[in-house]
Each structure stands twice: as structure tokens, then as C-alpha cells.
Ligand code: ATP
Ligand code: MG
């Protein structure tokens, strides 16, 4: 393969796109790999398509190696299937919905558990046909609320989704293990730095699940990691054991109301009263399947909405809106307290019976002190919902946890029988009786992996691809003069004949300086330049990552690159 830049559909940009915040977004656009079509919807241009295809190829090879069978299902799917499992409601606005000309409801597939379950029900009748692993590499659609960060979070994106079908729990455990190993190999080959962490299952349902996270500042996930015992989990999945209730807090404090004008936040309140935030009780109003509920946590803590949603799944959890408050004048925004509250009250276990708090007085500008749990208010349900902080105790060994940002690049689930139950997916068992099938589902963000790689490998000068995913093996630069072009052409031919993928900067009238800057931006691992010493047959080899350079005769350079 030889890509000639004189003919390549490629425009590199000197400046970052105005709306870009993350490195991958900036560089993939500047290097002409992708181009924005609409919010969260991207076109892949020639170089980008090559990287995307390389990622797909590696994924495909490793999925085939564990016996996965590749299929391609539609993206346009009947909504009824997602109604049958309740996921249409769970996904809510995330789901792209449409109707055909007859008025039948469709969705654009966000992930395909339902459709694969139906396919297997239609195709498989006996335990003898199982286990089976099916996968596809396909475009998915999710109407993400914040489609920022370029292809890291698209509304249309490429996913590898795989599904395993077994008759026994042991079979499912084995399919899960196979995928976990395949994923390790895939991400190793891609050259990604990754961690495997415990995860929550979210809208997918089911029990055991782990995420593959690529540590990166641009990541939207946070994971906790224990330096002492190696425990690692998405912060949404970190569970605390309830702290013991205080042994004896002394005589019960007297409940008193305080005048605290202009203190709608914990910070303003704590400053006004001169108390630590941990002495106050923060009450967050949410709706759970539409029902207003207050959630109480110590004032120095935050509510992790992901954790809350996970506890209450499949119920839909959302922050209370201005309209919700408008409909309930008794709920005073910024001054809510659990005492005498006319709605459900959930709380963190730290809000234990007998503990006393400073909290809202349910009157504008007023708070109450000495509000005692069990005496002045009751908790309808205790839930572990606080956001994890650095230094919080590791649930396994108690040492202080570290927190890091990361990009979720893969997610594997032991679904169990949730989807098989919804569609009554049974096969004939060994004893002639029907057995319910058990399933796993396994996703990789293929387009996201390209961005994650860019995040982890780019430097100040541009992209810097690992060899297996790079759009070419060698970037050949002809500095401009006749002798240089001649030598470069020789190099290109020889590399091509040896099966190397070559990106050839043969653009006439472009200065060597511009060619170098572009080469560094594009990020092909090796640069071969026919420059100053071309008349003697000497070229320069440069390692894009380390910057190390060496001048050597063309034959020696070719031997190095094709050996
Ligand atoms: P996130 O928490 O980032 O929204 P998710 O947990 O909803 O992702 P899954 O349903 O687990 O995603 O999908 C499997 C994989 O697909 C994810 O691990 C991720 O790599 C990828 N993915 C999910 N949403 C997007 C998106 N909007 N753009 C690109 N890739 C995505
Ligand atoms: Mg996930």
C-alpha cells in the first residue's frame, strides 16, 4: 500500500477546532482523521478509516480466536423488543426513536441484547447447539446528553458487541473468562494502557460485570484503586460498609432554628456558622420513576447519581427540576430539611439513628440545628450513595483508596437469564426437558478506542500511533529537490514491494518544514526522509515517538525497515 499525499483527501489544520477540549478531539480533527458532521456524529476520512479498520481487525482476530462467530444485524430495530425488556424506558431519551410510513415504532440500536436473544431463539433449539458466541462490529446510536470530546463520546459510534449463550452457569463463567482474556489481548495489541475494574451493570442488568478502563485525564469515568491490596473498581461500584453508629453522642441536642440568610449551599452555610461541612446534612431532591424523593448525605459528601440509579434500577432516577420545585412550594430550594418533610427520605448510612445535624429548616433563609435522626426525622431507606473520595477506606482491606480518571473502552457482563426470561429463550436439555438459556454480553468501543489511544500516546507535536494501529508503517518524505525525490521514490517502491504500508509525502511545492510538521502531527511511527545527503544515497530515519534519528545509506535503512 502506498498513500500519496499529493492525492490524499487530507487537510491538516494548524489550529485546534474552537469547540475541542480534549487532546484526541483536537488532534484527530487537526490531523484530518475525522470530521464533524453534526453534534456527536463523525465522518472518518482516509487516514482515520485506516486506524479504525486496524482496531476492528485486531478485535476481529481475537474474537475469532475464542470461537466467536461474526454476524451483522440491523441497526434499525423494532421498538417492541426494547419495550419487552423495559429498556426503552430505562434508556429514555438516550434512545433514538422513529416511525416507519405505516406508523410502526422503531429505534436505532444502542446495543443489541434483545435482538440477539430473539435471533438465537429463532435459530437454536437444542443444548447440542450451545454454547455459542456471536459478535458484530456495528454502528450504534445513543442520543447522548453531552456528545463532547469528539469520537470519545459520539451519538453514532462503532462498537464491537458480543453475546454468549449457554445452558449452565459454569458455561457462562467460561464464556466470560474467554472474553476477559480476549479483551486483555486486544488492548495489549492496541498498545493501550488499561485496567480491569469492577463495575456496575447499569441499564444492561445482570450480575457480575467488569470494565476495561484506559487511564487518561480526558476520561469521564473515575476509578478507585487500592495501593495496598490491588482492589480496583469504578467509583460507582465501590461499596462502603456502614460506619458504626456513634457510641454515645452525649445528651440529645435541642432542636433550634437559626437565621441564616443567603446560605443556600453547604459552603455558604458552613462559613456563615463557622462549622465544618461534615456537621451539616445535605439533602438532594431527585425523582425516582417520577416520585419526588430527598436523599440525605453528610454535607462534606456528594450524592453519586450513578450509584443511586444502580441501587434503584430499573427505576429511572433524575435530578429534580425547576418544575418539580414549582409544583411543591413546601420544598424550599437550598433550605430543605428532613424534619416534617412531606416526601420520601433516603439517606447514607452515616446519617445513623442518634446522629444530630445542622440542616435546612424548610423556610427560606433558615436552617435548623440539633436535628436528630430517629427523633426529628426518620429515614425510609438507607443506601450507599456517597461519592468516593481519595483516602476513603478500601472495601477489601481498609487502606486509603486512590482515584484516577479513565476512559471506558470495554465492558463485560454476566447477564444471566434476564433477557432469556423476557423472551422465554429455552432449548431442549440433555434430559429432554426445556432449559432456560443464560447469557453474557461484551462490548468494546471501537471508535472510542481510537480516541483513547490518541489520548494516551499523543505528545506536544501530534499523534503518535503504536505500530499495529498506525495508518502506515513508514512515512516517507521527499524534501523537494530532484535527487531527493528520486531517492524517496526508490525507498517507496522497495518498501511497498516488501509489503510495508507507506504514506508518501510527494506534495510538490510544499516546504520540508511543513512536511515535517505534518508528519509529526499525523503520527506514523517511522519517518524516512530523503534530504540533504540524498545525492550520496543517504536517508534519515526518525522514530516518531523518541525523536531518535540516524543517517544511513538507503539499503541499510530498507534492511532495517523490512527485516
Ligand atoms: P458510558 O458510561 O461511557 O456512557 P456505557 O457504559 O453506557 O458507556 P456500554 O453500554 O457498556 O457503554 O457500551 C459498551 C462500550 O461502548 C463502552 O465500554 C464504550 O467503550 C463504548 N461506548 C458507549 N457509549 C459510547 C459513545 N457514546 N461513544 C463512543 N463509544 C461508546
Ligand atoms: Mg459500560
Completion exercise
Flagged in region 59-85 as within 25 Å of residue 102 (Cβ to Cβ) and part of a helix (DSSP H, G or I), in numbering order, are 79, 80, 81, 82, 83, 84
Practice task
From 490, 503, 495, grab the single residue that is part of a strand (DSSP E or B) and modelled with pLDDT of 95 or more.
Solution key: 503
Practice task
Please tell me if residue 151 is within 29 Å of residue 424 (Cβ to Cβ), away from ligand 2 (no atom under 16 Å from the Cβ), touching a strand residue (DSSP E or B) at 6+ places or on another chain (Cβ under 8 Å) and modelled with pLDDT of 95 or more.
Solution key: no
Problem - Candidates 396, 405 - the one that is outside the structural domain of residue 160 (by TED's automatic domain parsing) and within 16 Å of ligand 1 (Cβ to nearest atom) - result: 405
Practice task
Output the residues belonging to region 154-177 that are more than 30 Å from residue 48 (Cα to Cα) and out of contact with any helix residue (DSSP H, G or I) (no Cβ under 6 Å at 6 or more places or on another chain).
Solution key: 168, 169, 170, 171, 172, 173, 174, 175, 176, 177
Handout entry: Complete set of residues in region 100-119 that are in contact with a helix residue (DSSP H, G or I) (Cβ under 9 Å, 6 or more places away or on another chain), more than 21 Å from residue 158 (Cβ to Cβ) and without any contact (Cβ under 8 Å) to a residue 60 or more places away in the chain
Key = 104, 105
Practice task
Give region 1-40 a look and list any residue that's surrounded by fewer than 16 Cβ atoms within 10 Å (Cβ to Cβ) and within 27 Å of residue 494 (Cα to Cα), or say none.
Solution key: 1, 2, 4, 6, 7, 9
Handout entry: Options 416, 360; residue that is in contact with a strand residue (DSSP E or B) (Cβ under 9 Å, 6 or more places away or on another chain), in the same structural domain as residue 125 (by TED's automatic domain parsing) and touching a residue at least 24 places away in the same chain (Cβ under 8 Å)
Key = 416
Fill in the blank from the handout: The condition of being surrounded by 23 or more Cβ atoms within 10 Å (Cβ to Cβ) and away from ligand 1 (no atom under 16 Å from the Cβ) holds, among 474, 450, only for 474
Problem - Of all residues in region 517-558 being surrounded by fewer than 18 Cβ atoms within 10 Å (Cβ to Cβ) and in a helix (DSSP H, G or I), the one that is nearest to the chain's Cα centre (by Cα) - result: 517
Completion exercise
Among the residues of region 86-123, the number that are outside any helix (DSSP H, G or I) and over 27 Å from the mean Cα position of the chain (by Cα) is 7
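The values are calculated or read from the model by the stated rules, or taken from the named source; none is laboratory data. Since we're looking at a predicted model, the values are computed, not measured. Note: ideal-geometry Cβ built from the backbone for every residue, glycine included; neighbour counts use all protein chains shown.
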